[in-house]
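Input: a single structure, listed below in structure tokens.
The values are calculated or read from the model by the stated rules, or taken from the named source; none is laboratory data. Computed from a prediction, not measured in an experiment: that's the story for all the values here. Note that each Cβ is placed from the backbone with ideal geometry, even for glycine, and that neighbours are counted across all protein chains shown.
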Amino acid sequence: MAENTDVVVIGGGYAGVMAANRLTLRGDVNVTLVNPRPSFVHRIRLHQLVGGTGEAVVEYREVLAGRVRLVVDSVERIDAPGRTLALASGGTLAYDYLVYAVGSASADPGVPGAAEFAHPLASLEEARRLRPVLDATP
């Protein structure tokens with residue numbers, strides 16, 4: 001009997017979660033998702049978090065298939081020839097296949113004045129920083 005294939009997905013955003021969940025449709029695949037945050041952030045809901053009209057964070061158990069193993073950690077190094085990942089915690093993960101789905105971030109504002117007056121909204125941290133700014137606005 002053949003052994004299962006080990007797939008590691010780096011990144012727990014929409015693409016990483018979708019890839020991990022779809023891979024579990026195959027019974028011969030073990031899937032591990034690595035993400036530094038223990039909860040899933042609905043980036044398209046960040047405006048609701050900022051506006052105080054909704055939440056943008058849910059537990060991974062609500063969006064991940066039951067067969068996906070979640071590792072809350074950051075990847076420090078990918079050893080492609082050795083098919084291993086070095087984790088920030090000091091551990092390692094071996095894989096047969098790797099899905100790199102780390103997502104996107106806010107751009108560095110190059111427009112004069114943007115750094116001082118613009119408020120990016122691409123991450124949970126940016127949304128949390130913007131919320132008190134809006135609350136303090138008359």
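Please verify whether Ala20 is buried (at least 18 other Cβ atoms within 10 Å of the Cβ), within 17 Å of the chain's Cα centre (by Cα) and farther than 19 Å from Tyr100 by Cα, treating the condition exactly as stated. The answer is no for Ala20.
Can you work out which of the residues in the stretch 23-50 that are modelled with pLDDT of 95 or more and touching a Lys or Arg at 6+ places or on another chain (Cβ under 8 Å) is surrounded by the fewest Cβ atoms within 10 Å (Cβ to Cβ)? Ranking the qualifying residues of the stretch 23-50, first place goes to Thr24. Inside the stretch 62-77, can you point out the residues that are more than 26 Å from Gly27 (Cβ to Cβ) and in contact with a strand residue (DSSP E or B) (Cβ under 6 Å, 6 or more places away or on another chain)? Matches in the stretch 62-77: Asp73, Val75, Glu76, Arg77. Sub-8 Å Cβ pairs linking a first residue in the stretch 36-55 that is free of Cβ contacts under 8 Å to residues at least 24 places away in the same chain and assigned to a strand (DSSP E or B) to a second residue that is of a type outside the set (D, E, K, R) and surrounded by fewer than 16 Cβ atoms within 10 Å (Cβ to Cβ), at least 6 apart or interchain, are Ser39/Val57; Ser39/Val58, ordered by first then second residue.
Residue count for the stretch 91-138, restricted to those that are at pLDDT 80 or above and touching a strand residue (DSSP E or B) at 6+ places or on another chain (Cβ under 9 Å): 12.
Pull up the stretch 61-78, narrow it to residues that are outside any strand (DSSP E or B) and basic (Lys, Arg), then point me to the one that is farthest from Val9 (Cα to Cα).
Narrowing the stretch 61-78 to residues outside any strand (DSSP E or B): 61-67, 73-74.
When the remaining residues are screened for being basic (Lys, Arg), the result is 61, 67.
Working: Arg61: 16, Arg67: 13 Å.
It comes out as Arg61.
Of all the residues in the stretch 1-35, those that are closer than 12 Å to Arg69 by Cα and either in a loop (DSSP other than H, G, I, E, B) or aromatic (Phe, Trp, Tyr) (or both) number 2. Applying the condition of being outside any loop (DSSP other than H, G, I, E, B) and in contact (Cβ under 8 Å) with a residue 24 or more places away in the chain to the stretch 79-97 and asking which residue is surrounded by the most Cβ atoms within 10 Å (Cβ to Cβ) yields Leu85.
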